[in-house]
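Working notes for the structure below.
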Amino acid sequence: MSPLHFTFTAMFTLSLLGLTFYRTHLLSALLCLESIMLSLFLAFSLCALKFDSSAFSVAPMILLTFSACEASIGLALLVATVRTHGTDQLQNFNVLQC
Amino acid sequence: MSPYMLIILIFTLGLGTLITLSSSHWLIAWMGLELNTFAILPLMAQQHSPRAMEATIKYFIIQTTAATMLLFASVSNAWLSGQWEIQQMSHPTPLALITIALALKLGLAPMHAWFPEVLQGLNFSTGLILSTWQKLAPFSLLLQIPPTSSFLLITLGFISVLMGGWGGLNQTQLRKILGYSSIAHLGWMILIMQYAPPLTLLALTVYIVLTSSMFLTFLYNQATNINSLAISWTKTPMLTALTPLVLLSLGGLPPLTGFLPKWAILQELTKQGLTPVAALTALSALLSLYFYLRLSYATALTTPPNNLPATLPWRIIFKQPTTFLAVLITMSLSLLPLSPSVMAFFTF
């Protein structure tokens, strides 16, 4: 495992662990998702560098576009959930459990 | 929601699945999955209620996490082997990670807890899309990747069948029961995936037909729990007579269509020398059969006057079109005599 591979793998793993175990606010979950997307952006950019292919350098841009869409949808859901629940605490999402 | 917006969303929903189905590069497949997720989220959140919002948020977080895991596994694979093609993945660790990510996306058993809850928060038409059309893109990816370790797939499949039956035992809400039934059926498909992929397609098709007829029946009756299903005979007597048969077909009883995939899958598993797995899976299907039978009992065998916990509704002539429902119910009841041609169609 090269140092670069280790870097983005560790970044992804830490963000995923944060998303999984830190379950207090919806906003922090969205931040962890964004950090996951940034680690993937790093991985894609390094891939383009590693393979020396300029054709592949479009891929990080596509990834960044989709991650921006995803973040905006997450923020819209955050606003909507504050309007319906009055808070963004994840422990309030318990209507559907039984 | 304005009709133009609805048209745009539904076209994007179809487009995402089609992009994934026709892609060979992991990035394009991921883009299709993300488009699919983005397009169904406004459909899920169109009622501004806490239940719908909660379902939407759970679905959003689960689907994006699964999609990022998929992309991470594919970029690791490309880093290790320089290969972006879906069908030519070689490294075992990214393959296992991708299988787990797709299982999370589909709602297979150790990662299944979100599916019944999300389904419970939606109305029946969006739930129908969620449990049929949204399964196609992850399933196509699972079918295209090279065979991963057989232990992983068999474990996922068997635990899905078991947990789908077990979780549904305690439920009185119809949407949750349908969610657990979906988990159990997906388990059957995963179990046979590495030995006979055409059988997986066959089981998926039969499952889509059966579950669509069930969802449309409940949509027509506006029944969300067992009690309101039990009094649906005052509204639609013919449909109430057919509902237990469709439920038994979903449980896989012999003269009905639902028996066909279970029959073929058990036969193929026995041929592969996996008789204990086949026997245990068939026994776990009995758990699912129990709650289908309870629904059938409440629908057809309990006749008032007894102490009904709900007031009887008026018999109103419904104006909704039922052609699609009629075709689906006919298919879900009487396709078994056609089984040689169905098998030939899927194995060609």
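The values are calculated or read from the model by the stated rules, or taken from the named source; none is laboratory data. Not measured: the values here are computed from a predicted model. When we count neighbours, we look across all protein chains shown, and the Cβ atoms used for this are built from the backbone with ideal geometry, even at glycine. Please note that ligands, DNA and RNA were not included when accessible areas were found on the heavy atoms of the full protein model with its side chains. Shrake-Rupley method; radii C 1.70, N 1.55, O 1.52, S 1.80 Å.
Quick notes on this structure:
- B:LEU210 vs. criteria within 14 Å of chain A (Cβ to nearest Cβ), surrounded by 23 or more Cβ atoms within 10 Å (Cβ to Cβ) and either of a type outside the set (D, E, K, R) or under 17 Å from B:VAL246 (Cβ atoms) (or both): no
- Wholly within segment B:109-208, helices (runs of 4 or more DSSP H) carrying at least 3 residues that are closer than 25 Å to B:TYR220 by Cα: B:114-120, B:124-131, B:133-144, B:174-192
- For segment A:52-98, the candidate set comprises residues that are open to solvent by less than 40 Å² (accessible area, probe 1.4 Å), outside any helix (DSSP H, G or I) and within 7 Å of another protein chain (Cβ to nearest Cβ); within that set, the residue that is modelled with the lowest pLDDT is A:LEU96.
- Of all residues in segment A:35-51, those satisfying the criterion of being of a type in the set (A, V, I, L, M, F, W, C), more than 9 Å from chain B (Cβ to nearest Cβ) and open to solvent by 30 Å² or more (accessible area, probe 1.4 Å) are A:LEU38, A:PHE41, A:LEU42, A:LEU49.
- If the condition is being within 11 Å of chain B (Cβ to nearest Cβ) and either buried (at least 17 other Cβ atoms within 10 Å of the Cβ) or among the hydrophobic types (A, V, I, L, M, F, W, C) (or both), then segment A:7-34 contributes A:PHE8, A:THR9, A:MET11, A:PHE12, A:SER15, A:LEU16, A:LEU19, A:LEU26, A:ALA29, A:LEU30, A:CYS32, A:LEU33.
- Failed condition for B:LEU253, given (1) outside any helix (DSSP H, G or I); (2) over 23 Å from B:GLY164 (Cβ atoms); (3) of a type outside the set (Gly, Ala, Ser): (2)
- In the set (1) surrounded by fewer than 20 Cβ atoms within 10 Å (Cβ to Cβ); (2) within 14 Å of chain A (Cβ to nearest Cβ); (3) farther than 15 Å from B:LEU71 by Cα, B:THR132 fails one condition alone, (2).
- Across segment B:63-106, the qualifying residues are those that are part of a loop (DSSP other than H, G, I, E, B) and touching a residue at least 60 places away in the same chain (Cβ under 8 Å), and the one among them that is most open to solvent (accessible area, probe 1.4 Å) is B:GLN87.
- The residue list B:LEU283, B:LEU308, B:LEU312, B:LEU333 contains one member that is modelled with pLDDT of 90 or more, of a type outside the set (Ser, Thr, Tyr) and either assigned to a loop (DSSP other than H, G, I, E, B) or surrounded by 13 or more Cβ atoms within 10 Å (Cβ to Cβ) (or both), which is B:LEU333.
- In segment B:42-62, the residues that are under 21 Å from A:LEU19 (Cβ atoms), open to solvent by less than 10 Å² (accessible area, probe 1.4 Å) and not hydroxyl-bearing (Ser, Thr, Tyr): B:MET44, B:MET53, B:GLU54, B:ALA55, B:ILE57, B:PHE60
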